[in-house]
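We did not get these values from a lab; they are worked out from the coordinates using the rules stated. What you see is a predicted model; the values in this text were computed from it and never measured. We place every Cβ from the backbone using ideal geometry, glycine too, and count neighbours over all the protein chains shown.
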Amino acid sequence: VKVGVVGAGAWGKNIVRTLSELDALGAIAETNPATRAQLHETYPGVPLVEGVEELVGLVDAVAVATPAEHHFSQAKTLLEAGLDVFVEKPITLDSGDARRLADLARARGRILMVGHLLLFQPAVKRLRDVIADGLIGRLTSIHQERLGLGRARPVENVLWSLGVHDVAVILGVTESSIESVAFVGQSVLTHGVDDDTYLHIDLSGGVQAHIHNSWIWPEKRRRLTAIGTQGMLVFDELAQTLTLHRKRIDAELRNVDEGEELLAVDPGQPLTLEMEHFIACCRERKTPLTHGDHAVEVIRVLEMATRQTVTT
Ligand SMILES: NC(=O)c1ccc[n+]([C@@H]2O[C@H](COP(=O)([O-])OP(=O)(O)OC[C@H]3O[C@@H](n4cnc5c(N)ncnc54)[C@H](O)[C@@H]3O)[C@@H](O)[C@H]2O)c1
């Protein structure tokens with residue numbers, strides 16, 4: 001499977017490098033002439049074009065890594081041309097458009113995969129298995145922080161830019177469906193674009209999720225804490241550690257602390273695992289882990305939150 005890439009910017013260049021390492025890089029579409037010149041030096045022999053349409057006929061599949069506002073039209077063009085498509089997160093800026101892409105891919109028998117990278121972290125897969133195996137009893141809540149001095153974006157807010165990863169993990173890790181959301185955000189840098197957000201999600205089965213995202217924060221923090229009736233789990237994404245805390249409060253409201261255990265997890269390379277998965281799905285015609293319908297649900301949650309935003 002030869003994969004083309006649209007958009008080799010800050011993130012897309014990592015996709016280009018990874019596909020090249022996997023010997024699957026077929027072509028690159030990039031509008032910026034200076035970036036194209038650099039790519040030509042680094043990847044001599046790889047066809048370089050300007051427009052997404054020019055990839056048709058050159059490759060079997062395409063990874064779209066342009067800014068989010070281009071995702072819908074570019075993915076639609078590629079799916080209609082009969083190509084398999086990987087789209088970076090967020091799939092689109094509108095759940096109706098996300099649904100249209102998922103339906104189009106299904107109708108045309110094409111693979112549609114979305115770049116919810118965290119679900120390819122081996123520790124997140126382990127976390128899902130540990131919860132499903134009942135090691136922490138009944139899951140009651142999940143708390144996520146994705147904070148730091150980050151790349152402030154002018155169109156999508158910090159929930160759409162960073163929190164999208166966390167929402168994707170919640171929907172991927174729990175077996176629950178969304179019942180309601182509550183959202184508070186603050187916009188400081190660009191009018192109407194929140195830089196700091198708190199999202200609370202009520203899931204079926206009484207599970208609650210709480211996500212804090214900010215790109216104006218002094219320390220880089222990426223952490224998921226899962227609380228269960230029999231124990232707790234902490235995934236520190238930066239340290240790449242998954243810790244099981246055998247701690248709880250019993251029926252008599254006494255603290256029970258039976259220590260903690262570092263669960264060994266192979267760190268892996270999430271982007272390599274993600275691209276390998278995309279290529280395998282294209283080759284074997286199987287549904288990706290981060291398929292179109294999952295991405296539609298993620299966008300629906302973000303939209304529910306956005307509807308509650310009051311900008312003065
Ligand atoms: N999965 C992750 O962890 C992760 C991390 C960062 C960014 N992203 C996502 O990747 C996407 C790109 O983000 P970025 O930070 O690399 O943006 P960027 O602005 O740095 O890069 C975008 C690139 O696309 C090119 N481009 C724009 N329009 C084009 C077009 N019509 N045809 C071809 N090329 C075009 C630009 O010239 C630029 O080089 C976003 O959706 C972002 O959310 C994902």
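With a ≥ b ≥ c the root eigenvalues of the C-alpha gyration tensor of the stretch 1-59, is it rounded (a/c under 1.5), prolate (a/b larger than b/c) or oblate?
rounded
Step through the residues of the stretch 164-180 one at a time and calculate ³J(HN,Hα) from phi using the Karplus curve (6.51 cos²θ - 1.76 cosθ + 1.60, θ = phi - 60°), rounding each to whole Hz and writing x for Gly and Pro.
4, 5, 5, 4, 4, 5, 4, 5, x, 8, 9, 8, 8, 10, 7, 9, 7
Over the stretch 59-128, consider all pairs of different Cα atoms and compute the Kirkwood hydrodynamic radius from their mean reciprocal separation; express it in Å, one decimal.
For the stretch 59-128, the Kirkwood estimate is 12.5 Å.
Can you put ARG146, ARG153 in order, fewest other beta carbons within 10 Å first?
With the sparsest Cβ surroundings first, the list reads ARG153, ARG146.
Tell me the trypsin sites (Lys or Arg not before Pro) within the stretch 165-246 that lie in a loop according to DSSP and have at most 14 other beta-carbon atoms within 10 Å.
Here the trypsin sites (Lys or Arg not before Pro) that fit, given the DSSP loop and packing criteria, are LYS220.
Mind listing which GluC sites (Glu not before Pro) in the stretch 157-253 are in a DSSP loop and have 11 or fewer other Cβ atoms within 10 Å?
Loop-located and lightly packed - GLU219, GLU252.
Number of Lys pairs in the chain with C-alpha atoms less than 21 angstrom apart, excluding same-chain neighbours closer than eight positions?
Taking the chain as the scope, the lysine pair count is 10.
Ranked by Cβ crowding within 10 angstrom, fewest neighbours first, how are ASP133, ASP195 ordered?
Ordered by Cβ neighbours within 10 Å, fewest first: ASP133, ASP195.
In a Gaussian network model over the chain where Cα atoms closer than 10 Å are linked, find which of GLN269, GLN121, GLN144 has the largest mean-square fluctuation.
Among GLN269, GLN121, GLN144, the largest mean-square fluctuation in the Gaussian network model of the chain belongs to GLN269.
Tell me what the chain gives for mean residue ellipticity at 222 nm when only DSSP H runs of n ≥ 4 count, each as -39,500 (n - 2.57), the sum divided by the residue total, rounded to 500 deg cm²/dmol.
Helices in the chain give a 222 nm mean residue ellipticity of -9500 deg cm²/dmol.
Put +1 on the Cβ of each Lys and Arg and -1 on the Cβ of each Asp and Glu in the chain; which of LEU104, GLN74, GLY4 then has its Cα farthest toward the positive end of the dipole?
The residue sitting most towards the positive pole is LEU104.
Report the Cα-based extents of the chain along its three principal axes, largest first, to the nearest Å.
68, 47, 39 Å, listed from the longest principal axis down.
First check a/c for the stretch 193-312, with a ≥ b ≥ c the square roots of the eigenvalues of its C-alpha gyration tensor; if it is under 1.5, answer rounded, and if not, answer prolate when a/b is larger than b/c or oblate otherwise.
Taking the square roots of the gyration eigenvalues as a ≥ b ≥ c, the stretch 193-312 is oblate.
Roughly how far apart, in whole Å, are the Cα centres of the stretch 249-303 and the stretch 70-103?
When both Cα centres are located, 22 Å separates them.
Taking a ≥ b ≥ c as the square roots of the Cα gyration tensor eigenvalues, with a/c under 1.5 meaning rounded and otherwise prolate when a/b beats b/c, else oblate, which class fits the stretch 1-152?
prolate
For LYS2, what residues show an amide H to amide H distance below 5 Å, using hydrogens built from the backbone and excluding near sequence neighbours?
Amide H neighbours of LYS2, under 5 Å, 5+ apart: ASP60, ALA61.
Rank the residues TRP160, TRP215, TRP11 as a footprinting-exposure proxy: fewest other Cβ atoms within 10 Å of their Cβ go first.
TRP11, TRP215, TRP160
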